[in-house]
1. Condition first: in contact (Cβ under 8 Å) with a residue 12 or more places away in the chain and either in contact with a strand residue (DSSP E or B) (Cβ under 7 Å, 6 or more places away or on another chain) or within 11 Å of another protein chain (Cβ to nearest Cβ) (or both). Can you find one or more residues in the range A:346-357 that meet it?
2. If I ask for residues that are in contact with a helix residue (DSSP H, G or I) (Cβ under 8 Å, 6 or more places away or on another chain) and facing another protein chain (nearest Cβ under 7 Å), which ones from the range B:43-93 would you list?
3. Just checking, how many residues over the range A:309-361 are assigned to a loop (DSSP other than H, G, I, E, B) and over 21 Å from residue A:60 (Cβ atoms)?
4. Considering only the range A:301-324, state which residues are touching a residue at least 40 places away in the same chain (Cβ under 8 Å) and in contact with a helix residue (DSSP H, G or I) (Cβ under 7 Å, 6 or more places away or on another chain).
5. Against the condition at pLDDT below 85 and either surrounded by 20 or more Cβ atoms within 10 Å (Cβ to Cβ) or within 25 Å of the chain's Cα centre (by Cα) (or both), how does residue B:254 come out, does it pass?
6. Only one residue in B:61, B:41, B:54 is exposed (fewer than 13 other Cβ atoms within 10 Å of the Cβ), touching a residue at least 24 places away in the same chain (Cβ under 8 Å) and either more than 30 Å from residue B:23 (Cβ to Cβ) or in contact with a strand residue (DSSP E or B) (Cβ under 8 Å, 6 or more places away or on another chain) (or both). Which one?
7. Checking the structure you have, find out if any residue of the range A:109-120 is crowded, with 16+ Cβ neighbours inside 10 Å, in contact with a helix residue (DSSP H, G or I) (Cβ under 8 Å, 6 or more places away or on another chain), free of Cβ contacts under 8 Å to residues at least 60 places away in the same chain and more than 24 Å from residue A:213 (Cβ to Cβ).
């Protein structure tokens, strides 16, 4: 496969997202913080970086649709609504902003006392959660906003709900199936389950090693389970309903991001030594590879090289045909899988397929 | 074309720099279905650059969601507002081709390729080696020898060293021999070669004098070896008869294929005699080996 390199940011990427169909990541100037997700149809890809604009790209050829200008600080996160009409972004300038995808127009700005590290729409796009940083005497919070999925509608200023994380600040959060729960990952390595309507804490579970921050949380397609990536060098597959750790994927480097691939039962992990440690630790190549694991058998099945800095974010194409990764090096790399990727099955899987085929006839 | 031939070739540069208008881009349809596109532009130094590209257009039809199709028609905005249709060169490039084929034992595969051959070959080479000082034959490196300032190396010490040379050198130079005979040991000025050569029983001016020493003792020459043979295989075959100190399989420098002959040195001459009898005429990889004692090079 030939990756497409997108260089639209001047600094490290923070997140990439694909419009419901997946987006391809493009290089940003500077480090890429986040490769936004592909949108639901997988044709658009959004990326945010530590510079001050969001990029939208066409996933199939890497063409840049445009940039969303207006943030005054590094942008940490972006999310696309399920209808691919608007995107929300969270930034170090202490705002969450809403943008019209088609024109790049700023629709709404919400101000907060501290930086916003993560935003996510719920399944039907009526609500948006934002994770705010713990800083300057303010505790970390998860705020929920009502969203009208209409470009011309007046958005409400009111916060529907605020969850205060008084023990350990939340670093990532997301909506489960039917917006029933809000799941948050914390700085101390634990995962919490809150009620999606009232914000009551049901459950807090130390999924990862103590005080090893959870760096990413991404859902499978029906949002019944999710994958967490942590600085403790593992990624875990956890069910949303009872926070049961179903699978563990050990790696040899701190992880910054993890995603679940549709179509094939794989997960992709991204990480690498932190940029600030690269010169002070081993001179060996920094493990800046995307790692593929089999979702069920937990075996590592391959790696994809390319970045020359740690991977800050990985996003899978919702159609299952590719994935995108964004790195500290400022590039988004969009990959379309080859035939070999789709052909790969375990022996037991093949036997089962054959058995099912035999029964069918 | 005709106009150009009238110029002296020396004028061409000047003409190019003066003319500010570029020839129009050309598109030529080739018979084989490809299109040749010739474009001209000025580079950063103001030189005219001609770019010729041959392109084959392949129409790939894909049915997409109507909303996706609609989005493809959207106007660009923000920093991309001025970009034309298609990916812009400053933001989008195509990376190197990456071969990614998932596999359950990819880790083992990778290790087999990188570490194992080298480590294994090195182990094989060193299996029978001991560190031996060239000055006093002690078990230390020559550089560490306590006598290194007071004694000359054995090989240069005169006739008395003759036996030691025969015993010591094969081991020392085995590595070099296996590495492809590229290394001939350290340089000896012609004036001193006589002395060393005298010790080496008349090896004389020959550069490879050292090699001659061990050959006649317990070294077999094996010919009619298959091109696909490996040193390890030969070692395995001959080790049945006794301790093998050196296996040298001549290989083509470019292709890495065996050239068809090899030398096997034994520690003990009796083993070599046995091996010579048994292995001569032995069938190996569709070929019948011919084994004989290596002749002393003249």
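The values are calculated or read from the model by the stated rules, or taken from the named source; none is laboratory data. Everything quoted here is computed from the prediction, not taken from an experiment. When we count neighbours, we look across all protein chains shown, and the Cβ atoms used for this are built from the backbone with ideal geometry, even at glycine.
1. As a first pass, look at the range A:346-357 and keep what is in contact (Cβ under 8 Å) with a residue 12 or more places away in the chain: A:346.
Among the residues that remain, those that are also either in contact with a strand residue (DSSP E or B) (Cβ under 7 Å, 6 or more places away or on another chain) or within 11 Å of another protein chain (Cβ to nearest Cβ) (or both) are: A:346.
Yes, because at least one residue in the range A:346-357 is in contact (Cβ under 8 Å) with a residue 12 or more places away in the chain and either in contact with a strand residue (DSSP E or B) (Cβ under 7 Å, 6 or more places away or on another chain) or within 11 Å of another protein chain (Cβ to nearest Cβ) (or both).
2. Looking only at the range B:43-93, we keep the residues that are in contact with a helix residue (DSSP H, G or I) (Cβ under 8 Å, 6 or more places away or on another chain), and these are B:46-48, B:88, B:91.
Passing the criteria: B:88, B:91.
3. As a first pass, look at the range A:309-361 and keep what is assigned to a loop (DSSP other than H, G, I, E, B): A:309-310, A:317-321, A:328-331, A:337-338, A:344-346, A:361.
Checking which are over 21 Å from residue A:60 (Cβ atoms) leaves us with A:309-310, A:328-330, A:344-346, A:361.
Summing the residues that are assigned to a loop (DSSP other than H, G, I, E, B) and over 21 Å from residue A:60 (Cβ atoms) in the range A:309-361 gives 9.
4. Within the range A:301-324, A:301, A:309, A:310 meet the criteria.
5. On the way: at pLDDT below 85: yes; either surrounded by 20 or more Cβ atoms within 10 Å (Cβ to Cβ) or within 25 Å of the chain's Cα centre (by Cα) (or both): yes.
Against the criterion (at pLDDT below 85 and either surrounded by 20 or more Cβ atoms within 10 Å (Cβ to Cβ) or within 25 Å of the chain's Cα centre (by Cα) (or both)), residue B:254 qualifies.
6. Values: B:61 fails: touching a residue at least 24 places away in the same chain (Cβ under 8 Å); B:41 fails: touching a residue at least 24 places away in the same chain (Cβ under 8 Å).
Answer to the check: B:54.
7. Applying the first criterion (crowded, with 16+ Cβ neighbours inside 10 Å) to the range A:109-120 yields A:110, A:112, A:114-120.
Those left that are additionally in contact with a helix residue (DSSP H, G or I) (Cβ under 8 Å, 6 or more places away or on another chain): none.
No, the range A:109-120 contains no residue that is crowded, with 16+ Cβ neighbours inside 10 Å, in contact with a helix residue (DSSP H, G or I) (Cβ under 8 Å, 6 or more places away or on another chain), free of Cβ contacts under 8 Å to residues at least 60 places away in the same chain and more than 24 Å from residue A:213 (Cβ to Cβ).
Residues checked against (1) at the interface with chain B (Cβ under 9 Å from one of its Cβ atoms); (2) outside any strand (DSSP E or B); (3) modelled with pLDDT under 80:
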| position | (1), (2), (3) |
| --- | --- |
| A:1 | yes, yes, yes |
| A:13 | no, no, no |
| A:16 | no, no, yes |
| A:23 | no, yes, yes |
| A:26 | yes, yes, yes |
| A:31 | no, no, yes |
| A:35 | no, no, yes |
